[in-house]
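Quick notes on the structure that follows.
The values are calculated or read from the model by the stated rules, or taken from the named source; none is laboratory data. Remember, it's a predicted structure, so these values are computed and weren't measured experimentally. FYI the Cβ positions are ideal-geometry reconstructions off the backbone, even for glycines, and counts take in every protein chain you see.
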Amino acid sequence: MKAVFTETEFRARLAALGLSLDDKAFAAAWAGAQHLRGEVAKVEAYLKE
Amino acid sequence: MTDPADLSLPEAAAMLRSGSLTSRELAEAVLARIATQNPRLHAFTHIATDALDQADRADALLAEGNSGPLCGIPIAVKDLMDVAGQPATSGSRVLAGRIADTDAPAIARFRAQGAVLIGKLATYEFAMVGPDLTLPDPPARNPWNPAHITGGSSSGSAAAVAGGLVRLAIGTDTGGSIRSPSAYCGCVGLKPTYDRVSRSGAFPLSPSLDHTGPLAATVEEAALALDAMTEGDWRPASARIGQPITGLKIAYARDWFADDPQASPALIRALDEAASTLSLLGAQITLVTLPDYPPFEAAASVILHAEALEKHRSLICDHAADYGRPTLQCLAFGAALDAEDLATAREAQTRLTADMLAAMEGYDLILTATTLTPALPFSAFDGEKAVWTPMRTIAFNLTGQPALSLPAGFENGLPLGMQLIARPGDEDLLCMTGHAFERASDHSVLRPLF
């Protein structure tokens, strides 16, 4: 089981990409990132069926 | 006399071969239509400066009597794909000023057959997300109501065909980018089997899910275009056009859309009526429960975002400020994923594909919705963050099956689409059935009034 993906980790990964987002853009990107983590969880649940 | 711009591809081809119409006359009629309608629809981003020269070369081929069905026919191409000598910016400031050196292989096949590559069409930026009103090219508008979006990402392709600017346009489809704009704009969109048409020469969004295919005014025209683009040994999509569909077994996946509270009641009625029409034509319609949709969407989303970020990694480093905000934010989502997540999603892709093909056992085709609503108004988009519209398309990017969207009705003057899906390589069955439905209904012959 993976550790919970944190906002801090997401910020670090964006920085590694050289990507600097303003607060509004970051909020939208973080919401999308959390949604994608939810999609990963759905995929894992499907594979466990 | 019919305006040549309104002739179907087979009608125009017959007249070109008989000498009663020249390719130059056809190209001039199409250019005049574009000049009249494009300022309202913003479908084209570039008109080929050598369009009439191309038409003259096609006329020379026609005079030699050595020409195929697309010789002399104007075709427009989504600005995600390379057409030699024409701009190729993928709808982005990041690639502003880029001119393609060579044709994408699928486009080269059209050129070799004498088609007239008449111009480039609007796309959502890098085929990712839209509409974005802040980009240099204004977004394409829905011909049925310009206050509404076209859907995307093949936005200009759908607007150009539905608006009567061209009969045939080329698009790409990674999660529904041929089929959803076709449904929203009331034209035909054909996503072929994975790998049937070359993806080279198109800016990749997600190579595991990317497909190239036609948008057209009718199923027959889409089938002829696909055959012209196809590489290798595949049964022609047009081979069974006009044959009866008696005895065809169609699995009606009604619960995939009707159980979703986002589905419009008019769409559910339109799909039920489509199922009745297909039954009256002799097909056997059976209500089925397909594998659940959410795992398909989830696995495809993970693959798409992981691969898209990888493809843009170096461009983001150098050009982040040139991306539109919604596109950059969507690319940033992918930073939430790692290699293990992608491997997990690919494992699911293999299993989900097997599940879907097993569910089709005993059936020739699946019938379901393309999108769950008609096109949204532009006012629903603030230009800041992505807005996702509900659709049932990405599952078949994941499985690689061919899928056809065609007009099935209207809601408040806006088109609704239905989707037929076949096994890999069965585009002939798909187009035979779509054509039969089209002939039995009036949805595809209706055109917006200008």
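Residues in segment B:143-173 that are among the polar types (S, T, N, Q), touching a helix residue (DSSP H, G or I) at 6+ places or on another chain (Cβ under 6 Å) and either at pLDDT below 95 or more than 9 Å from B:Ala43 (Cβ to Cβ) (or both): B:Ser154 alone.
Number of residues in segment B:349-395 that are more than 14 Å from chain A (Cβ to nearest Cβ), in a loop (DSSP other than H, G, I, E, B) and touching a residue at least 24 places away in the same chain (Cβ under 8 Å): the value is 14. Do we find a residue being at pLDDT 95 or above, more than 10 Å from the chain's Cα centre (by Cα), at the interface with chain B (Cβ under 7 Å from one of its Cβ atoms) and on the phi < 0 side of the Ramachandran plot anywhere in segment A:18-38? The answer is no; no qualifying residue exists.
B:Gly409 fulfils the conditions (1) crowded, with 24+ Cβ neighbours inside 10 Å; (2) among the small types (Gly, Ala, Ser); (3) touching a strand residue (DSSP E or B) at 6+ places or on another chain (Cβ under 9 Å) except for a single criterion, (1). Selection over segment B:50-79 of residues that are within 25 Å of the chain's Cα centre (by Cα), not acidic (Asp, Glu) and not in a helix (DSSP H, G or I) gives a count of 11. Residues of segment B:324-347 that are in contact with a helix residue (DSSP H, G or I) (Cβ under 6 Å, 6 or more places away or on another chain) and more than 7 Å from every other protein chain (Cβ to nearest Cβ): B:Leu331, B:Gly334, B:Leu342.
If you take the residues in segment B:291-324 that are touching an Asp or Glu at 6+ places or on another chain (Cβ under 6 Å) and part of a helix (DSSP H, G or I), which one is farthest from B:Val129 (Cα to Cα)?
So, considering only residues that are touching an Asp or Glu at 6+ places or on another chain (Cβ under 6 Å) and part of a helix (DSSP H, G or I), the one farthest from B:Val129 (Cα to Cα) is B:Ala298.
With respect to B:Ala253, is the statement that it is more than 11 Å from every other protein chain (Cβ to nearest Cβ), hydrophobic (A, V, I, L, M, F, W, C) and buried (at least 20 other Cβ atoms within 10 Å of the Cβ) true? Yes.
The set of residues from segment A:39-49 being part of a helix (DSSP H, G or I) and more than 7 Å from every other protein chain (Cβ to nearest Cβ) comprises A:Ala41, A:Ala45, A:Lys48.
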